[in-house]
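Values quoted throughout were computed directly from the atomic coordinates according to the rules given, and no laboratory measurement underlies them. All of these numbers come straight from a predicted model, not from anything done at the bench. Glycine gets a Cβ as well: all are built from the backbone with ideal geometry, and neighbour counts include every protein chain shown.
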Amino acid sequence: MPTALDRAAALALLAALLAFPLVFTLPYPRDVMIRIFLYAMLATAWNVLAGYCGQISLGHAVFFGTGAYASTVLAKQDWLGVWASPWLGMLLGAALAVLLSQVIGYPVFRLRGHYFAIATIAVGEIVQTLVINWDGVGGARGLFVPIKRPDSLINLQFHESKQTYYYIALALLLLALAINRWIVRSRTGYYFRAIREDQDAAAALGVPVARYKQRAMAVSAGLTAAGGTFYAQYVFFIDPESVLPLSLSILICLVAVLGGVGTLWGPLIGAAILVPLGEVTRIHLGGTGKALDLVVYGLLIMIISVIQPGGIMALFQRGLRRS
Amino acid sequence: MTAEVLLQGIVSGLLMGLVYALIAAGLSLIFGLMEIVNFAHGEFLMVAMFASYWAWALWRLDPLVSLPLTVCLLFILGAATYWGLIRWILDAPMLAQIFATFGLAVFLRSAAQALWGVDFLVVKNPLVEGRISLGGLFLGLPQLVASAGALLAFGALHWFISRTETGLALQATAQDRQAASLMGIDTQRMFALGWGIGAACLGVAGALLSLFFYVFPEVGATFSLLAYVAVALGGFGNVPGTLAAGVVVGLVEVLGGLLIAPALKYAVVFAIYLAVVLWRPQGLFGRF
Amino acid sequence: MIAPLLDIQSVTKRFGGLVANREISFQVAPGELIGVIGPNGAGKSTLFDLLTGFQAPDEGRILLDGESIAGLSPDRISRRGIGRTFQKLRPFGHMTVLENVMVGAFQKTTSPREAREQAQRALESVGLADRAQAHARVLSTGQRKRLEMARALATRPRLLLLDEVTGGVDQRSIPALVELVQRLHADGTALVVIEHNMRVIMGISQRVVALHLGEVIAVGPPSAVTGDPRVIEAYLGRAYAP
């Protein structure tokens, strides 16, 4: 149970994050923070399905891409006027992602463990291949998000400064965390964890396993899609290579795994480490096409999985228990 | 779509399928032993292909000539992977196991890219090249040799597992780790051996593939996915089953490309895979 | 004649060539305590799997309160009022003892607070209340057995299937476990108990069902079953048959 100290620390952190763009007014630090928030949010969404419910999805980019493509295609429909707003696109994307997740989940949840993970990879590959070959959404060339000036909240586009993006990203992250926290304390959360621990024992206690797996999938997919929409509106260009690849699915997992799967703070810690680390390696090692940053990622993943699969949160908790 | 084109496709799917079978066999063996999916399987194949390529580029050794070397190299790589990485995660949660081999995959793939770039490399003027004509069908000689080699290797693997004492010890360890160790079988050695042999299969496959396939860091990715599909179809741990499953995958790939669309052929393979495991989660021939 | 709570009619289950259960028939009256005995491989756990939806019978019917439950999914059967424990204990290792039981309690309520209260009560009834905050995976075997029972009890079943009450438990802890089972019986829950410990099973059962090689070889009060020559032969071998 969170102590008064925990609460105070969380509030202090929130205050610091809210004040950050007022102190750091250059675009680059804000950009780094925005990407930390985005990845933390994606990892939090993934955590609902994989961390709490125990279903390791390695194809989550599918939902990210759904959100990105849905809002972008909508935004291109000029005849809709204000109804083409990316906010509606975000809702649309989330709804589509939820629908897609149920369609995927129905067959794939019959599999367990490694088999499930491989099936999610297969689904991800199928979707990416289909989109690459679907000229209606730009195919391999991708889509440009239509630039709309002046900056406006309703169009979710800001070209003068990153400040509003920052707050939107933070808001999305807080939303994801709030949903996560609410789930954990509710019956749903207990059922999720029971399914993770022992699906059959849970069923013997009356837990409708299939139904709850689908719910976990739905929440996870919807949140991930919202992140996809934000990304599209931030970067202004999407293509299968950037929003649907296996490497993105893995990166999302990695953020959660590094920080601590199945914990509330894990995704934040993971993102806070990996995004700057990615920057450092990209600046010093990558960008020459030599993929040395990925070499480091690979080593990092191996080391974490061997030494502390529970992630940094587990290290932290172990340290606390000893003291 | 003439009958001739179709027949040609079926034959080439069959030939390629035998190579897939060999690739999948190694994966199935490892999984049968310790219930770990080697997500770096494709990257092992890539290493084998690069080894063959460099043996040719540096010392003018034809892939068929350097095959034994490649096999030894891969055997060592497999056993070393067990000793250095897998040994520590045998009883770890599944997520940790997935990530351990996945991290290895990322590491190998990007190390290859860092060392040798992204260019598509190819072995020129191999000992075996050209086509032969067989009853109106054209069969690439390298492909034919590769399939024959794969079939031979598969047979050797099957013989080893079912007829030699070590092979039977491997099977025993796969079925019941504790019982096997109680009977004096050194399970650690068995596991390392399993990884070594599984990787050695890839050594053979990689050397054979380098006769006619492009060599580049990402080449393992598609092969590994197809291998997973073949293993799942054949039933995890069921090595003989992967022969049929590999052929099925090869056929579906070609026919999917011919009958639906070439760009979608892998999508078809995965879709068929999903359809099969839905209907029979234990695969076509698996028992659990 | 009271209608039976559970009516098993000629249930058969095959695994390939092996017939695990062959034409098994017996009934459980509401509130009755039935013991099930049989050597290893007799098909006892398979029977439990059939009753709780983990397997579906190939032939025969299983009726709960007159309604067929054969082939239903485990969670639906649980919600109809059958609870079970497992021979190989399956606690939710990374959750606390209390949280484990709450999962069961949530079957009857959606409120976490109520579930917590119900879980506390279930833990008290099995004597595990002092370990409520411990993680399930650190419990001893005897404690895990109690946890499984508390968890199943929290779903307030009308029929509780206990798969091996005393297996793996030290001698000292057995009387307390037995007393717990008797208390459950006294509260009105029907119980079907698989047991290898003859003294325990004979002491608590109202009727005993003896299984051997998948078939029922004897049904009746404990004394009748233990005296049955077929039972003696199955358990101890022909040399001991009278």
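Stokes-Einstein at 10 °C, 1.306 mPa s, Kirkwood radius from Cα pairs: D for the stretch C:88-156 in µm² s⁻¹? Working shown, then result.
Numbers: Rh = 11.3 Å.
Estimated via Stokes-Einstein, D reaches 141 µm²/s.
Mind listing the phi-derived Karplus ³J(HN,Hα) values for the stretch A:184-194, rounded to whole Hz, using 6.51, -1.76 and 1.60 with θ = phi - 60°, and x for any glycine or proline?
So the Karplus estimates, Gly and Pro as x, are 4, 7, 9, 4, 4, x, 5, 5, 4, 5, 4 Hz.
Per Stokes-Einstein, at 37 °C and 0.692 mPa s, what whole-number D in µm² s⁻¹ belongs to the stretch A:227-299, with the Kirkwood radius over Cα pairs as the hydrodynamic radius? If you can, show how the numbers build up before the last one.
On the way: Rh = 13.4 Å.
So the translational diffusion coefficient is about 244 µm²/s.
Considering the Cα positions of the stretch B:136-288, please state its Rg to one decimal place and its Dmax as a whole number of Å.
17.4, 58
Counting only other chains, what is the mean number of Cβ atoms within 10 angstrom of the Cβ of each residue in peptide B:258-267?
Numbers: counts 0, 0, 0, 1, 0, 6, 5, 1, 4, 9.
Mean shielding by partner chains, rounded to a whole number: 3.
Per residue of A:112-125, what is the mean number of Cβ atoms on other protein chains within 10 angstrom of that residue's Cβ? Provide the component values of the computation, followed by the final result.
Working: counts 2, 5, 11, 9, 3, 7, 12, 9, 0, 5, 12, 3, 1, 7.
Other-chain Cβ atoms within 10 Å of each residue's Cβ, averaged: 6.
Taking H placed 1.01 Å from N in the peptide plane, check which residues at least 5 places from A:GLY260 or on another chain put their amide H under 5 Å from its amide H.
Placed amide hydrogens put A:ILE312, A:MET313 under 5 Å from A:GLY260.
From the backbone phi of the stretch B:20-26, what are the Karplus-calculated ³J(HN,Hα) couplings (6.51 cos²θ - 1.76 cosθ + 1.60, θ = phi - 60°) in whole Hz, Gly and Pro given as x?
Per residue, the Karplus-derived 3J(HN,Hα) values read 4, 4, 5, 4, 5, 4, x Hz.
Can you give the helix-only mean residue ellipticity at 222 nm for chain A, where every DSSP H stretch with n ≥ 4 adds -39500 (n - 2.57) and the sum goes over all residues, rounded to the nearest 500 deg cm²/dmol?
Working: 14 runs with 231 residues, N = 323.
Mean residue ellipticity at 222 nm (helix-derived): -24000 deg cm²/dmol.
Taking the alpha-carbon distance from B:LYS124 and a cut-off under 17 Å, which aspartates and glutamates remain once sequence neighbours fewer than 8 residues away in the same chain are dropped?
B:LYS124 reaches B:ASP62.
Within the set of other residues whose C-beta is less than 11 Å from the C-beta of C:ARG14, count the net charge using Lys and Arg as +1 and Asp and Glu as -1.
0
When chain A is treated as a GNM, springs tying every alpha-carbon pair under 10 Å, which of A:ALA256, A:ALA94, A:ALA169 comes out with the largest mean-square fluctuation?
Of A:ALA256, A:ALA94, A:ALA169, the Gaussian network model singles out A:ALA169 as fluctuating most.
What ranking do B:LYS124, C:LYS108 get, fewest neighbouring Cβ atoms within 10 angstrom at the top? Intermediate results must be reported in sequence, preceding the final value.
Numbers: B:LYS124 8, C:LYS108 14.
Ascending number of Cβ neighbours within 10 Å: B:LYS124, C:LYS108.
At q = 0.09, 0.11, 0.13 Å⁻¹, what is the log10 ratio I(q)/I(0) for chain C, with the Debye formula run over Cα points and no solvent?
For chain C, the Cα-only Debye profile gives -0.38, -0.57, -0.79.
What fraction of the Cα pairs in chain B, stated in percent, has a spacing above 27 angstrom?
Working: 15835 of 41328 pairs.
When all Cα pairs of chain B are counted, 38 percent exceed 27 Å.
Using only the Cα atoms, what convex hull volume per residue in Å³ does the stretch B:49-143 have?
Details: hull volume 15.1 nm³, N = 95.
Residue-normalised Cα hull volume stands at 159 Å³.
Just name one of A:LEU254, A:VAL280, A:ILE195: the one whose Cα is farthest towards the positive end of the charge dipole of chain A (beta-carbon charges, Lys/Arg +1, Asp/Glu -1).
A:ILE195
Could you sort the peptides A:179-186, B:262-269 by per-residue average Cβ neighbour count (10 Å cutoff), highest mean leading? Can you show the working numbers first?
On the way: A:179-186: 15.5, B:262-269: 18.1.
So the peptides A:179-186, B:262-269, ranked by packing, come out B:262-269, A:179-186.
Tell me, in nm to one decimal, what length is gained between C:SER68 and C:ASP187 on full extension, where the rule is 0.36 nm per residue of separation less the Cα-Cα distance?
Numbers: separation 119, 0.36 × 119 = 42.84 nm, distance 2.59 nm.
Answer, rounded to one decimal: 40.3 nm.
In 5 Å bins starting at 0, how do the alpha-carbon pair distances of the stretch A:73-142 split up by percent?
In whole percents, the pair-distance histogram is 4, 14, 15, 19, 20, 13, 9, 4, 2, 0.
Local charge sum around A:ILE56 (other residues, Cβ-Cβ under 13 Å, Lys/Arg +1, Asp/Glu -1)? Spell out each step's value before the answer.
Working: positive: A:ARG112, A:ARG196, A:LYS213; negative: none.
The answer is +3.
Alpha carbon centre of the stretch C:1-68 versus the stretch B:167-183: separation in Å?
The distance from the Cα centre of the stretch C:1-68 to that of the stretch B:167-183 comes to 35 Å.
Please list, ordered by chain and number, the residues whose modelled amide H lies under 5 Å from the amide H of C:GLU215; skip anything fewer than 5 residues away on the same chain.
When sequence neighbours closer than 5 places are left aside, the close amide H contacts are C:ARG22.
Which whole-Hz ³J(HN,Hα) couplings does the stretch C:102-107 yield from phi under the Karplus relation 6.51 cos²θ - 1.76 cosθ + 1.60, θ = phi - 60°, glycine and proline marked x?
4, 4, x, 5, 5, 5
Calculate for chain C the 222 nm mean residue ellipticity that helices alone would give, adding -39,500 (n - 2.57) per DSSP H run of length 4 or more and normalising by residue count, nearest 500 deg cm²/dmol.
Numbers: 9 runs with 85 residues, N = 242.
My calculation for chain C gives -10000 deg cm²/dmol from helical runs alone.
Among the aspartates and glutamates, which fall within straight-line cross-link reach of B:LYS265, defined as a Cα-Cα distance under 12 Å, with same-chain neighbours fewer than 8 residues apart omitted?
A:GLU125, B:GLU253
Arrange A:HIS60, C:HIS212, C:HIS196 by Cβ neighbour counts within 10 Å, fewest through most, would you?
Values: A:HIS60 26, C:HIS212 19, C:HIS196 16.
Listing A:HIS60, C:HIS212, C:HIS196 from fewest to most nearby Cβ atoms yields C:HIS196, C:HIS212, A:HIS60.
Would you please give the residues with an amide H less than 5 Å from that of C:VAL208, counting only those at least 5 places away or on a separate chain, with H modeled from the backbone geometry?
C:GLY35, C:GLY220
Over all pairs of distinct alpha carbons, what does the Kirkwood formula give as the hydrodynamic radius of chain A, in Å?
Values: mean 1/r = 0.0492 Å⁻¹.
It is 20.3 Å.
In Å and on Cα atoms, what radius of gyration and Dmax does the protein assembly as shown show?
Final numbers for Rg and Dmax: 30.0, 100 Å.
Would you please state the base-10 log of I(q)/I(0) at q = 0.10, 0.19, 0.22 1/Å for the stretch A:73-204, with intensities from the Debye formula using one equal scatterer on every alpha carbon?
With one equal scatterer per Cα and no solvent, log10 I(q)/I(0) is -0.54, -1.26, -1.35.
Given the peptides A:232-244, C:52-64, B:43-55, B:171-183, arrange them by the average over their residues of other C-beta atoms within 10 Å, most packed first. Walk me through the numbers before you get to the answer.
Details: A:232-244: 20.8, C:52-64: 18.7, B:43-55: 26.0, B:171-183: 15.2.
Going by the mean number of other Cβ atoms within 10 Å, highest first, we get B:43-55, A:232-244, C:52-64, B:171-183.
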